[in-house]
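These notes concern the structure reproduced below.
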Amino acid sequence: MPNFIPVLPEIFLLSMTCLILVADLYLGKDRKGIVYLLTQVTLVVTAIIVWAVKSTEKEVVMWGQFVNDPMSTLLNVFICLCAAIVFIYSKDYLEDREMNKGEYYVLGLFAILGMMVMVSAHTMLSVYMGLELLSLSMYAMVAFNRDNAASSEAAVKYFVLGAIASSMLLYGMSLIYGVTGSLNLAEIAQALTQPQELPTILSLGVVFIVVGIAFKLGAVPFHMWVPDVYQGAPTAVTLFIGSVPKIAAFALVMRLLVDGMSALATDWQPMLMLLVVASVAIGNVVAIAQTNIKRMLAYSTISHIGFLLLGVIAANEAGYSASMFYTIVYTLMTMGVFGLLLILSRKGFEAENINDLKGLNDRNPWYALLMLILMFSMAGVPPTVGFYAKFAVLQAVINEGFVWLAIVAVLFSVIGAFYYLRIIKMMYFDAPEDTSEISVKLDTHVVFSLNGLVILMLGLFPEKLIIWCQNSIGIG
Amino acid sequence: MKGLYLTIALSPLLGAIIAGFFGKTQIIGRKGSHIVTIAGVALSCVLSLYVLYGFMMGNIESQSMDLYTWLLSGQYEFKIGFLVDPLTAVMMSVVTFVSLMVHVYTIGYMHDDPGYQRFFSYIALFTFSMLMLVMSNNFLQLFFGWEAVGLVSYLLIGFWFTRETAVFANMKAFLINRVGDFGFLLGIAAILYYCGSLDYGVVFSKIVDVYNAQTTIEIIPGMEWYVVNTIGILLFIGAMGKSAQIPLHVWLPDSMEGPTPISALIHAATMVTAGIFMVSRMSPIYELAPAALGFILIVGALTAFLMGLIGIVQTDIKRVVAYSTLSQLGYMTVALGVSAYNVAIFHLMTHAFFKALLFLAAGSVIIAMHHEQDMRKMGGLKKYMPITYITSLVGSLALIGIPPFSGFFSKDSIIDAVHHSSSSFAGVAYILVVAGVFITAFYSFRMFFLVFHGEERMDEHTKSHLHETPKVVTLPLILLAIPSAVIGILVIEPMLFGDYFTGPYLKALLVDATSPIHALGELIHEHGVMGMIVTSFSHPPVWLAISGVVAAWYLYLKNPALTGKLREKFSAAHFVLEKKFWFDELYIDGFAKGGRKIGAILWKVGDIKLIDGLMVNGSAKAVGWFSLIVRHIQTGYLFHYAFSMIIGLVLLITLFVIL
């Protein structure tokens, strides 16, 4: 009898998702609210179960497929809670557009299940399974507004490119399997530390795996899908894609490159450096030229991914925990920014252009202030938490002697500061093009306010979260 | 105790916030503003006096406590905390007491001013800042308080911001203080570097190791300086700015552009003495830095002497008091320079009372004269303003050091300390401070006679309105006159020669056999304060003070015609004093104009052409251009996207596998 306790959150989530799927069939159009409620309850309870079954050391179960360690606890809790917030933001937007269908939540829940599987994966097989579950759900979510041509186009592009990337990842895994003779990450790590000369084919495997990961993260030059998908998908879906899956993508990096192949760090470090430099450069520079805010945020994401990978390049615990901190902070910031776009959109109007933010201070000073905090944080201005996130990863690479890399990253983030500050300038110094009242439901208002304030509070008191990240990586 | 100290520090801040942010609202208003600020400061004052009493009775212990950690940076910890010991208690009591008096006085002085609430908010904020400065247990918070009082001083000098002279004066004060603060900051940085902490306790124990190791620092190539001396001098440069010592004194006379109550509070009694307090607080460092002490002694003696001289030729009533303040600050600095820190603090305290009194009395005269400050247009005010007259007399007697007024005890102790000091500069300093006594008496009573005696030189209109000022003005005068008269006789024994200054960091403040004033201590132990008074008549200072008064009387009341003759005869000397030794000209025409010229060149060539033109706008254009090009790579075609992935893959394989 295997130990099922550590897998309980996933089992619960799966059961509930199936239940919601069935319930959705039998609930009338006017009672869709129940599906939403059930989804939220499921996410919160899942988070509680994750916390309840947490373990202070590595606990490998299910014949080596599954692991429960401090990192998985932290990431899973954040995945569930962030997803819950994402759904709060999305609900009104979807209702306005008569898209508040059960499928959105069911697909979302399956995607979350996929992420949690990835986070807790202990073999390449379960990594891949989680990844595909996540990806397939997301393809469908992008196409969710199926009458919209842009939405469908984005979904097809995403699907085709995603398939190529998955195949490359799979090919890389098979090469690694061929050399080490195991799918189990711990055994792979064991095999790679053998003293004998390692075959070149391993490097080829690493390249393919890095390509697969880079695609999922959206690092240059595997980023082409990001702007199109961000822009094409309904904003509620963009919010989902842009935020929570980044936590899972970080887990993907950690499980494959660190847990499995840290012995090959000298192979993947330079590859990541190339990706980082390309990402911060292209992401920041091209974002300047965008007029569509969703597209601009897509490029901003690309540059943030560059920063996120900086910590991994350091290839030590301090770097990993810095990256983890960056990922979580980034997720919180993205949610807030897209949350505001959802708030500004209403029936028959999509807040998509940068100009839609003009004069926000006149329309609603509180939201303008929160957005100001979010933008400062994205740009990395103290005392917001974005500063500490950037500081931590930069410190990690500098301590490893890659000063040039830090300089490049900082230079490009200075260029990037321009388009964040431009938004602030528009909010505060330009006259609004649209002076209509912003109407918001209470729950969204509260969540968005908290979202913005958390960014500020974490900036003033970042210690707790930093220490938590450090502990979950195994230092501190 | 933590709660008590927090209340002392924060209650003025609360008053400042209420008056500052809500003073213009209906609920608070003008009356509410002065009520909340006065209540805050009064509470602070009462509690401070309780603490002081506790230390005198010995039932409160010296205590250093950390409130919270503000910042952790690598190995450095920056904390916010309080160190309350007898020295702090004296400062707290002086600050809050004078501040309270000034608050009450302000009700009368600023009665018709539209910025009434703002003024109360500022002075309450000042009280908070000053308390943070004196109660700090680390250099970081000290620096915070230091800068905060500087800021409030800046705001208050320029309180009447529509006057061009006021704006000029506050700018001047701010800039000159920057020079001092630069040294101060370097000193703090050196302390952090060599001691690894900013906490007083840690620094004072580590500095001994630095001293014993004879660590040196080479600032100018080829010149090795002891680190402790360097730190001492750097910190003292900060004190020179704040406490207006030569050559950084030029801002203080101009600061008289501010309303008179703040001249009394900030530019006489409290803020300007921050430098004196700081050096006393750092006495464990200075005791290891003989060269720094020598420097302090010379600077102080020169300030005491030269600034007194300038005071003789001033005609503005407030400026006379301002130069007198400079000169008295010089005396305190001299005391520091001969390691008589407790005497410096003693003089600081007595000076706070009598100088605040003199300023407020001057303010009272100014109110009565309808904001006329020129002494040549006053005279004979004695009969119109009896309370102001008597209190001014008490203040002046205290200032010039006539026994048994408070200033006598503190100033005589300083002179005695210099006399018995073993410092190599003590001989020169002694001559300067003794000569200073005569000068002090002369300019003080010149002012006193010009204002209150002699013929009435004001115009008829003013004369017809002359009357004593309201109670809110005279009450503080009376309340300040009492300590000005008696505080010296009451506290000299416990404060200077008793064991009041006991505490872990106050060893240098206790009098022992090596102290320059121990002979005076023995005298007082044997014969009491009367012994000191009697003995003083066999020494020159008291006679010099009396002769200064007589000289002023002769030249300005008895035989005014002689004054003009003397001025003609010594026109060169008079000119030098009128020009205030050309310090202002040196700074404004030399440093300021020269700096602007260099700035203009750098701006036109470096900034506009190189940085703006080439680097900033150039690189921005390049980025924009690049961005537009790269944007076109995103064609929207799926096969292009796939192609880019393949290129990426091939690139990675080529770079990292094949090569």
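The values are calculated or read from the model by the stated rules, or taken from the named source; none is laboratory data. What you see is a predicted model; the values in this text were computed from it and never measured. Methodologically, a virtual Cβ is constructed for each residue, glycine included, from the backbone with ideal geometry; neighbour enumeration extends over all protein chains shown. Surface areas here come from the heavy atoms of the whole protein model, side chains and all, with no ligands, DNA or RNA. Shrake-Rupley method; radii C 1.70, N 1.55, O 1.52, S 1.80 Å.
Counting Cα-Cα pairs of region B:263-387 in 5 Å increments starting at 0 gives whole-percent bin shares of 2, 11, 19, 19, 16, 11, 8, 6, 4, 2, 1.
Using a Förster distance of 56 Å, how high is the FRET efficiency between A:Glu317 and B:Ser422, based on the Cβ-Cβ distance and rounded to 0.05? Intermediate values should be presented prior to the final figure.
Numbers: r = 60 Å, r/R0 = 1.07.
With R0 = 56 Å, the Cβ-Cβ based efficiency is 0.40.
Report the Stokes-Einstein translational diffusion coefficient (µm² s⁻¹, integer) for chain B, Rh taken as the Kirkwood radius over Cα pairs, at 4 °C with viscosity 1.567 mPa s. Mind dumping the intermediate values first?
Details: Rh = 26.7 Å.
Diffusion coefficient, whole number: 49 µm²/s.
Scalar couplings 3J(HN,Hα) for region B:323-334, obtained by applying the Karplus form with A = 6.51, B = -1.76, C = 1.60 to θ = phi - 60°, are 5, 5, 4, 4, 5, 5, 4, x, 4, 4, 4, 4 Hz; x denotes Gly and Pro. Remark: chain A carries 35 Å² of accessible area per residue (probe radius 1.4 Å; ligands, DNA and RNA excluded). Annotation: peptides B:167-179, A:130-142, A:317-329, ranked by per-residue average of other Cβ atoms within 10 Å with the highest first, follow the order A:317-329, A:130-142, B:167-179.
Helical content alone sets the calculated 222 nm signal of chain A at -25000 deg cm²/dmol, taking -39,500 (n - 2.57) per DSSP H segment of four or more residues and averaging over every residue.
Taking Cα atoms, how many degrees apart are the long axis of helix A:463-473 and the longest axis of chain A, rounded to 10 and kept between 0 and 90? For A:463-473 against chain A, the angle is about 30 degrees. Taken along its principal axes, the alpha carbon cloud of region B:171-319 reaches lengths of 54, 30, 24 Å, longest axis first.
Once the Cα-Cα distance is subtracted from the 0.36 nm per residue extended length, the B:His370 to B:Glu224 segment shows a gain of 46.7 nm. Which of the listed residues, A:Leu309, B:Ile231, B:Met458, is farthest toward the dipole's positive end in the protein assembly as shown, when Lys, Arg count +1 and Asp, Glu count -1 at the beta-carbon? Value: B:Met458.
Taken along the Cα-to-beta-carbon direction at a fixed 7 Å, the label points for B:Ile431 and B:Arg163 span 4.0 nm.
Between A:Leu125 and B:Val46, the simple spin-label model (points 7 angstrom out along Cα→Cβ) gives 8.0 nm. Of the three principal axes defined by the Cα atoms of region A:343-476, the extents in descending order read 52, 32, 24 Å. With Rh defined as the Kirkwood radius, the inverse of the mean 1/r over Cα pairs, the Rg/Rh of region A:5-473 is 0.95. Dividing the alpha-carbon radius of gyration of region B:66-209 by the rule-of-thumb value 2.2 N^0.38 Å gives 1.23. Residues of region A:121-148 with an amide N closer than 20 Å to a point placed 7 Å from the Cα of A:Val156 along the Cα-to-Cβ direction: A:136-148.
Quick check on region B:350-427: what does the Kirkwood estimate of hydrodynamic radius come out to from the alpha carbon pairs, in Å?
Details: mean 1/r = 0.0702 Å⁻¹.
Result for region B:350-427 stands at 14.2 Å.
The overall shape of region B:409-448, judged from the alpha-carbon gyration tensor, is oblate: a/c is not under 1.5, and a/b is no greater than b/c.
Give me P(r) over region B:318-360, computed from all C-alpha to C-alpha distances, binned every 5 Å, as integer percentages. Binned Cα distances yield the sequence 6, 25, 30, 21, 12, 5, 1. You can think of it this way: the chain between B:Phe182 and B:Ala291 has 37.2 nm of extra reach, that is 0.36 nm per residue less the Cα-Cα gap. In order along region A:16-30, the phi-based Karplus estimate (6.51 cos²θ - 1.76 cosθ + 1.60, θ = phi - 60°) of 3J(HN,Hα) comes to 5, 4, 4, 4, 5, 4, 6, 4, 4, 4, 9, 8, x, 4, 7 Hz; Gly and Pro are listed as x.
Short version: which residues of region A:197-217 lose at least 50 Å² of accessible area, all chains versus chain alone, 1.4 Å probe? Buried-area filter returns A:Val207.
Output needed for region A:322-410: three equivalent-ellipsoid semi-axes, defined as square roots of 5 times the C-alpha gyration tensor eigenvalues, in descending order, whole Å.
Details: eigenvalues 206, 30, 25 Å².
After scaling each eigenvalue by five and taking roots: 32, 12, 11 Å.
Residues whose amide H comes within less than 5 Å of that of B:Ile246, counting only those at least five positions distant or on another chain, are B:Thr303 (H built at 1.01 Å from N in the peptide plane). Sorting B:Ile482, A:Ile415 by solvent-accessible area of protein heavy atoms yields B:Ile482, A:Ile415, largest first, with a 1.4 Å probe.
I'd like the interface area for chains B and A: accessible area of each alone minus the complex, both sides summed, 1.4 Å probe, protein heavy atoms only. What is it in Å² to the nearest 100? Working shown, then result.
On the way: alone 28410 and 18080 Å², together 43920 Å².
Summing both sides, the interface buries roughly 2600 Å².
Please report, as a whole percent, how much of the solvent-accessible surface of chain A comes from carbon and sulfur atoms (probe radius 1.4 Å). Walk me through the numbers on the way to the answer.
Numbers: 11130 of 16860 Å².
Ligands and nucleic acids excluded, carbon and sulfur give 66 percent.
For region B:456-606, carbon and sulfur atoms together expose 68% of the accessible surface, with a 1.4 angstrom probe and every protein chain in place.
Which value results for Rg/Rh of region A:1-102 when Rg is the Cα radius of gyration and Rh the Kirkwood radius based on the inverse mean 1/r?
Numbers: Rg = 15.9 Å, Rh = 15.0 Å.
Value, to two decimals: 1.07.
Near A:Asn353, the amide H atoms lying under 5 Å from its own belong to A:Ile293; only residues 5 or more places off or on other chains count, and H is placed 1.01 Å from N.
Please give the net charge around B:Leu71, taking every other residue with its beta carbon less than 14 angstrom from that of B:Leu71, where Lys and Arg add +1 and Asp and Glu add -1.
Numbers: positive: B:Lys79; negative: A:Glu463, B:Asp66, B:Glu77, B:Asp199.
So the surrounding residues net to -3.
Taking each residue of B:364-376 in turn, how many C-beta atoms of other protein chains fall within 10 Å of its C-beta, and what is the average?
0
Cross-linked pairs B:Lys377/B:Lys471; A:Lys216/A:Lys294; B:Lys172/B:Lys580; A:Lys29/A:Lys91; A:Lys246/A:Lys358: Cα-Cα separations exceed 21 Å for B:Lys377/B:Lys471; A:Lys246/A:Lys358. Here's how it looks for A:Phe66: its modeled amide H is under 5 Å from those of A:Val61, A:His122, which are all 5 or more places away or on a different chain. Interface residues of region A:288-305, defined as a loss of at least 30 Å² in heavy-atom accessible area between the chain alone and the complex of all protein chains with a 1.4 Å probe, are A:Ala289. Treating each Cα of region B:418-566 as an identical point scatterer and summing with the Debye formula, the log10 of I(q)/I(0) at q = 0.12, 0.14, 0.16, 0.20 Å⁻¹ comes to -0.80, -0.98, -1.12, -1.33. Residues of region B:599-639 that bury at least 50 Å² of accessible area once all protein chains are present, compared with their chain alone (1.4 Å probe, heavy atoms only, ligands and nucleic acids left out), are B:Val623, B:Ser627, B:Arg631, B:Gln634, B:Leu638.
Per-residue surface analysis assigns B:Glu456 an accessible area of about 50 Å², computed on protein heavy atoms at 1.4 Å probe radius.
Largest first, what is the accessible-area ranking of B:Lys593, B:Lys411 with a 1.4 Å probe? Mind dumping the intermediate values first?
Values: B:Lys593 110, B:Lys411 5 Å².
My answer, sorted largest first, is B:Lys593, B:Lys411.
For the protein assembly as shown, the convex hull drawn through the C-alpha positions has a volume of 219 cubic angstrom per residue.
Both radii come from the Cα set of region B:613-659: Rg as radius of gyration, Rh as Kirkwood radius; their ratio Rg/Rh reads 1.22. In the context of the full protein assembly, B:Glu455 retains an accessible surface of approximately 130 Å², using a probe radius of 1.4 Å and ignoring ligands and nucleic acids.
Ranked highest first by average number of other Cβ atoms within 10 Å, how do B:256-269, B:601-614 line up?
Output ranking for B:256-269, B:601-614: B:256-269, B:601-614.
Taking 1.306 mPa s as the viscosity and 10 °C as the temperature, the Stokes-Einstein diffusion coefficient of region B:133-175 based on its alpha-carbon Kirkwood radius rounds to 144 µm²/s. Rounded to the nearest Hz, the phi-derived 3J(HN,Hα) couplings of region B:443-460 under the Karplus curve 6.51 cos²θ - 1.76 cosθ + 1.60 (θ = phi - 60°) are 5, 5, 7, 4, 5, 4, 5, 4, 7, 9, 10, x, 6, 8, 9, 7, 6, 5, where x marks glycine and proline. Where does the Debye-calculated log10 I(q)/I(0) of region A:57-211 sit at q = 0.09, 0.13, 0.16 Å⁻¹, using only Cα point scatterers of equal weight, no solvent? So the normalised log intensities work out to -0.39, -0.74, -0.99. Between B:His574 and B:His465, the contour length at 0.36 nm per residue exceeds the Cα-Cα span by 35.7 nm. Going by accessible surface with a 1.4 Å probe and the largest first, A:Asp228, A:Asp147, A:Asp259 read A:Asp147, A:Asp259, A:Asp228.
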